[in-house]
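Written out below as structure tokens is the structure these notes cover.
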Amino acid sequence: MFLGRCNELKEIKEGLKTDRFESFFIYGRRRVGKTELINEAIKNTDKLVVSFECIKSSIEANLILFTNKLKNIFNDNYLHFNDFGDLFEYVFLKSLKEEIIFIIDEFSFLLDGDFSIESLLASTIDKYKSDSNIKLFISGSYVSLMKQMVEYESHSYGRFTHILLIRPFNYYESSLFYPNYSDEDKMMIYSVLGGIPFFNSLIDTSKGALDNIIDLVIKKDSILEHEINEMILLETSKTSNMNHIITLISKGIKKYKDITESLSQIGSTKPDYLLKKLIDMDIVKKVFPINDENNKKRIMYLFNDNLLHFYYRYIFYTPYQEFRANPKFYFDNFIKESFYNEYLPKKFESISREFLIRKNLNNEINPVILKIGNYSYDDSKNKINREFDVVTLDKNGYISYECKYTSSPVDNRVIKEEIDQTKNLNINFYKLGFISKSGFTNDVDKKKYNCYTLSDFYK
């Protein structure tokens, strides 16, 4: 079953309807659903589909495999191409006589071997696009390589009529894979598996959320552990100390200064390069306080992927690997307490931000949120530092949201504590908000404060 991607699907289908050359550049990390999106868009087409998925091998090997594919499609056993330029021209020439959907999946594998292929493709597009009714799809998973193809300096700049960066699903879109779970279980699954569609498609909804986490992630040699090894660990093993940075962030060491100091202790002098690579791989993200964006000392590096966060925090460097033979025992003794008391409450904050963004984009918040993120308070005179994790900025000023992941509903005592804290710090939040997993007591004035519950997330 195909879920989500409504806007992307609409854009592609509209492009397929035109009577002119259209080119779709689709990129995003592995398993995010690029191929499924293309297949869904062309599902009922009456055009000839010429599709090839590149392999991680030499240019020559890919050329042979692609040639053999074209031999079968066009029933021509004598086809031979000297290079990919000849191959591209052959398909484009065919499109002058019949409508063709031309798909090259995992194009980044070709770029990894020889970036001149991009130039050959660009030249072919320029030569035939005016007369061709071809619909060209170029997709790839190596995001940093693919990004170069749409930058101004690239050979193929300006050759694509549609550029789509496919990102992981948000918390709500991910929940479509397990609609019958409780709201708390939905949040738990997303907090561990994140928004990669393939990962969520593995969930067995006849089991509970925690059982799926144990089977898919915690159990030794689980399917998602193999995915992580293929997707991340093999890539990071090529660059020394990259895993060290990921592990630091998983332990809560998130400021640039602290990361660089730790790296210097092991003799590494390339923190900027390593952090940029991790950002390009969509593993981590750089975060600035929304009230102090130009202060480099306030930069933080946080996980941009829930599965990797969970894996590196609880599994990757654990000294108790042998206990994973009994994954339920391992969870109960080495994960459970921290998971419920630290990990999930922090994820509740980040998912609360996603919730507010979703409401904002659905035009359900007035005034419109202009920025959302953390708010940094620093009183050097009194040596007081505070971080407010969920703060929005609109035309009237800042609203701070206190997120409570507790089994008890939020009452006026909690609200008074937050009011007193902001008054004592002399912070000018023009309004306060509260987001509670377990709701609110009847004495809370929901007209005075912005109040949301976990159940609101999934409405």
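The values are calculated or read from the model by the stated rules, or taken from the named source; none is laboratory data. All values derive from a computational prediction rather than experimental measurement. All Cβ positions, glycine included, derive from the backbone under ideal geometry; neighbour counts span all protein chains shown. For the accessible areas, the whole protein counts, side chains as well, though only heavy atoms, and no ligand, DNA or RNA atoms are used. Shrake-Rupley method; radii C 1.70, N 1.55, O 1.52, S 1.80 Å.
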Does GLU89 satisfy being surrounded by fewer than 21 Cβ atoms within 10 Å (Cβ to Cβ) and within 20 Å of LEU16 (Cβ to Cβ)?
no
Would you point out which residue out of TYR405, TYR401, TYR377 is hydroxyl-bearing (Ser, Thr, Tyr), buried (at least 16 other Cβ atoms within 10 Å of the Cβ) and modelled with pLDDT under 95?
TYR377
Which condition does ILE369 not pass, out of (1) open to solvent by less than 30 Å² (accessible area, probe 1.4 Å); (2) within 30 Å of TYR458 (Cα to Cα); (3) touching a residue at least 40 places away in the same chain (Cβ under 8 Å); (4) of a type outside the set (Lys, Arg), if it passes all the others?
(3)
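State the number of residues belonging to the stretch 1-24 that are assigned to a helix (DSSP H, G or I) and among the aliphatic types (A, V, I, L, M). Even if it seems obvious, please write down each step before you answer.
Residues of the stretch 1-24 assigned to a helix (DSSP H, G or I): 6-16.
Cutting the leftovers down to among the aliphatic types (A, V, I, L, M) gives us 9, 12, 16.
So the answer is 3.
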Looking at (1) open to solvent by less than 40 Å² (accessible area, probe 1.4 Å); (2) closer than 23 Å to PHE199 by Cβ, find the lone condition where MET1 falls short.
(1)
Is it the case that the stretch 107-126 has a residue that's surrounded by fewer than 15 Cβ atoms within 10 Å (Cβ to Cβ), of a type in the set (A, V, I, L, M, F, W, C) and in contact (Cβ under 8 Å) with a residue 60 or more places away in the chain?
no
Failed item, numbered, when TYR157 is tested on (1) modelled with pLDDT under 95; (2) of a type in the set (Phe, Trp, Tyr); (3) surrounded by 18 or more Cβ atoms within 10 Å (Cβ to Cβ)
(3)
State whether one or more residues within the stretch 314-335 are modelled with pLDDT of 95 or more, buried (at least 16 other Cβ atoms within 10 Å of the Cβ) and closer than 30 Å to GLU293 by Cα.
no
Please go through the stretch 183-205 and give me each residue that is part of a loop (DSSP other than H, G, I, E, B), farther than 21 Å from ASP282 by Cα and in contact (Cβ under 8 Å) with a residue 12 or more places away in the chain, ordered by number.
LEU202, ILE203, THR205
Looking at the stretch 446-459 only, could you name the residues that are among the polar types (S, T, N, Q) and either touching a residue at least 40 places away in the same chain (Cβ under 8 Å) or open to solvent by 40 Å² or more (accessible area, probe 1.4 Å) (or both)?
ASN450, SER455
Across the stretch 127-149, what is the total count of residues that are of a type outside the set (Lys, Arg), within 26 Å of LYS285 (Cβ to Cβ) and surrounded by fewer than 17 Cβ atoms within 10 Å (Cβ to Cβ)?
1
With the first residue restricted to the stretch 263-276 and required to be open to solvent by less than 90 Å² (accessible area, probe 1.4 Å) and of a type in the set (A, V, I, L, M), and the second required to be modelled with pLDDT of 75 or more and assigned to a loop (DSSP other than H, G, I, E, B), Cβ contacts under 7 Å at 6 or more apart or on different chains are LEU263/ASN241; ILE266/ASN241; LEU274/ASN241
Looking at GLU11, GLU40, GLU22, which one is in contact (Cβ under 8 Å) with a residue 12 or more places away in the chain, out of contact with any Asp or Glu (no Cβ under 6 Å at 6 or more places or on another chain) and open to solvent by 60 Å² or more (accessible area, probe 1.4 Å)?
GLU11
Options ILE253, ILE218, ILE196: the member that is touching a Leu at 6+ places or on another chain (Cβ under 8 Å) and either among the aliphatic types (A, V, I, L, M) or surrounded by 14 or more Cβ atoms within 10 Å (Cβ to Cβ) (or both):
ILE196
Considering each residue of the stretch 419-445, count those that are of a type outside the set (Ser, Thr, Tyr), at pLDDT 90 or above and either surrounded by 14 or more Cβ atoms within 10 Å (Cβ to Cβ) or within 17 Å of SER352 (Cβ to Cβ) (or both), and give that number.
10
Select from the stretch 137-165 the residues that are over 25 Å from the mean Cα position of the chain (by Cα) and under 24 Å from ASN7 (Cα atoms) and list them in ascending order.
GLY158, ARG159
Might you check whether a residue that is touching a Cys at 6+ places or on another chain (Cβ under 7 Å), surrounded by 12 or more Cβ atoms within 10 Å (Cβ to Cβ) and closer than 30 Å to PHE169 by Cβ occurs anywhere in the stretch 350-361?
yes
Where a residue in the stretch 379-397 is within 17 Å of GLU349 (Cα to Cα) and its partner, wherever it lies, is open to solvent by 90 Å² or more (accessible area, probe 1.4 Å), with Cβ under 7 Å and at least six apart:
LEU393/LEU370
Restricting attention to the stretch 402-432, which residues are within 27 Å of the chain's Cα centre (by Cα) and without any contact (Cβ under 8 Å) to a residue 60 or more places away in the chain?
GLU402, CYS403, LYS404
Of the numbered conditions (1) open to solvent by 50 Å² or more (accessible area, probe 1.4 Å); (2) touching a residue at least 40 places away in the same chain (Cβ under 8 Å); (3) on the phi > 0 side of the Ramachandran plot, PHE288 satisfies every one except a single condition; which is it?
(3)
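Could you look through the stretch 110-136, keep only residues that are not in a helix (DSSP H, G or I) and not polar (S, T, N, Q), and pick out the one that is farthest from ASN7 (Cα to Cα)?
Only one residue fits best here, namely ASP114.
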